[in-house]
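**Q** The structure under discussion is supplied below as structure tokens; questions concerning it will follow.
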Amino acid sequence: NRYTTIKTHIDAAPKESDFELMTAPLVLSLEPGSADIIVKNLYVSIDPYQLNRMKTYSPTHTLSDYSLRITPAQAIEAYGVAKVVVSGNPEFEKGELVVGLIEWGEYSLIKSGGIISKLDPMGFPLSHHVGILGLTSGLTAYAGFFEICKPKKGEKVFVSAASGAVGNLVGQYAKLLGCYVVGCAGTKEKVALLKEKLGFDDAFNYKEENDLKSTLKRYFPEGIDIYYDNVGGEMQEAAVANMNRFGRVAVCGVISEYTDDGKRAAPDMLDIVYRRIRIQGFLAADHINVYADFMSTTCDHIRSGKILALEDISDGVESIPSAFVGLFRGHNIGKKIVRIAEE
Ligand code: NDP
């Protein structure tokens with residue numbers, strides 16, 4: 001069994017050389033009486049938050065509480081789709097598909113009580129269940145937009161990292177609701193995709209702009225009602241400076257701050273007070289209550305062609321480091337997934 005791990009903790013922008021591929025003997029049997037299962041991993045999710053788990057432990061850093069920390073040489077847990085090869089658990093049978101927390105490797109041992117459930121692909125490609133129909137992208141976009149932003153038709157919505165896994169979906173949900181939507185992304189090609197394929201009203205390349213506050217003023221002359229923040233930093237400050245009264249900022253993630261410990265968004269507090277702006281962070285896992293709505297709405301929209309599933313798939317366990325590092329260099333377009341094996 002080959003799996004990816006970190007060589008040391010990573011406290012800056014990740015590089016491929018921070019990772020290594022480990023090999024361990026593959027044991028396809030369980031102790032008698034064990035309720036564990038062994039799965040063959042098929043598709044794994046590549047998510048920016050994993051970097052926060054790879055950092056050196058700091059007792060004052062809330063990042064350390066976000067989720068279990070990753071230590072060097074340890075197999076790295078990640079969301080994904082897999083097939084059961086050995087089961088000691090009567091709820092799972094050999095050959096069944098499952099979705100949940102597996103590992104960045106070829107096989108995973110899922111301990112009894114692990115976060116895993118049976119998967120009915122419902123006619124969709126398995127990769128969709130990691131991305132657009134999965135928890136870390138699809139549900140995040142849906143819950144963050146509908147539950148946290150409380151959008152209304154006609155409102156003006158700004159989305160950062162808009163060509164990414166979460167951002168592109170937020171923009172598509174917002175357009176379906178009848179909002180005016182502008183996204184930003186880091187290349188010309190991504191900007192063209194947002195406008196031409198995903199139906200955004202407008203989009204811009206933030207790397208070509210010097211003064212983000214005036215850029216946003218140009219795109220939102222009447223102000224922003226909702227900012228779906230994936231990046232934090234100066235973009236958050238510029239968005240808050242352009243928010244309307246009673247505007248909402250959903251802080252989904254702050255990727256520009258993950259690679260730079262000294263960087264923190266400092267939006268103008270007086271703007272927040274006088275314009276009664278609500279800034280709220282959230283985790284998708286807190287919104288399982290909307291999971292059924294999310295699935296039925298999103299499946300319908302994919303089937304009717306109203307929502308496009310944007311995926312960026314690489315092949316093989318050995319491609320995990322470059323796939324992950326690429327998130328912080330803007331290489332991915334849509335949900336970054338690694339296909340470990342065909343079903
Ligand atoms: P993406 O698919 O959006 O990939 C990351 C993208 O972020 C890159 O392609 C790049 O696009 C952009 N980016 C990278 N570095 C920077 C930077 N320094 N400044 C601005 N943009 C940058 O990832 P996800 O959709 O999976 O995640 C998006 C955000 O949502 C992240 O912050 C993530 O941590 C968060 N998240 C939060 C969850 C929650 O429950 N709250 C769950 C899942 C994700 P570009 O070319 O535009 O620069």
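**Q** Tally up the residues in the range 262-292 that are more than 19 Å from the chain's Cα centre (by Cα) and touching a residue at least 12 places away in the same chain (Cβ under 8 Å), please.
**A** 13
**Q** If a residue must be under 18 Å from Lys306 (Cβ atoms) and more than 8 Å from the ligand (Cβ to nearest atom), how many such residues does the range 145-167 contain?
**A** 6
**Q** Among strands (runs of 3 or more DSSP E) lying entirely in the range 132-217, which contain 1 or more residues that are among the β-branched types (Val, Ile, Thr)?
**A** Here the list reads 156-159, 180-185.
**Q** Follow-up. Here are some conditions: (1) in contact (Cβ under 8 Å) with a residue 24 or more places away in the chain; (2) under 24 Å from Ile132 (Cβ atoms); (3) surrounded by fewer than 18 Cβ atoms within 10 Å (Cβ to Cβ); (4) not acidic (Asp, Glu). Leu198 meets all but one. Which one does it not meet?
**A** (3)
**Q** A further question follows. Among (1) surrounded by fewer than 20 Cβ atoms within 10 Å (Cβ to Cβ); (2) near the ligand (Cβ under 8 Å from one of its atoms); (3) of a type in the set (Gly, Ala, Ser); (4) modelled with pLDDT of 95 or more, which single condition is Ala285 missing?
**A** Checking Ala285 against (1) surrounded by fewer than 20 Cβ atoms within 10 Å (Cβ to Cβ); (2) near the ligand (Cβ under 8 Å from one of its atoms); (3) of a type in the set (Gly, Ala, Ser); (4) modelled with pLDDT of 95 or more, the one that fails is (4).
**Q** In addition: Tell me the residue from Tyr49, Tyr43 that is under 22 Å from His331 (Cα atoms), in contact with a strand residue (DSSP E or B) (Cβ under 7 Å, 6 or more places away or on another chain) and among the aromatic types (Phe, Trp, Tyr), please.
**A** Only one candidate passes the filter, namely Tyr43.
**Q** From the residues in the range 178-194 that are surrounded by fewer than 16 Cβ atoms within 10 Å (Cβ to Cβ) and more than 9 Å from the ligand (Cβ to nearest atom), which one is nearest to Ala284 (Cα to Cα)?
**A** Gly178
**Q** Same structure, new question: Looking at the range 294-315, can you tell me whether even one residue there is within 11 Å of the ligand (Cβ to nearest atom), modelled with pLDDT of 95 or more and in a helix (DSSP H, G or I)?
**A** No: zero hits.
The values are calculated or read from the model by the stated rules, or taken from the named source; none is laboratory data. Here the structure is a predicted model, which means the values were calculated and not measured. Counting neighbours? That spans all protein chains shown, and the Cβs are built from the backbone with ideal geometry, glycine included.
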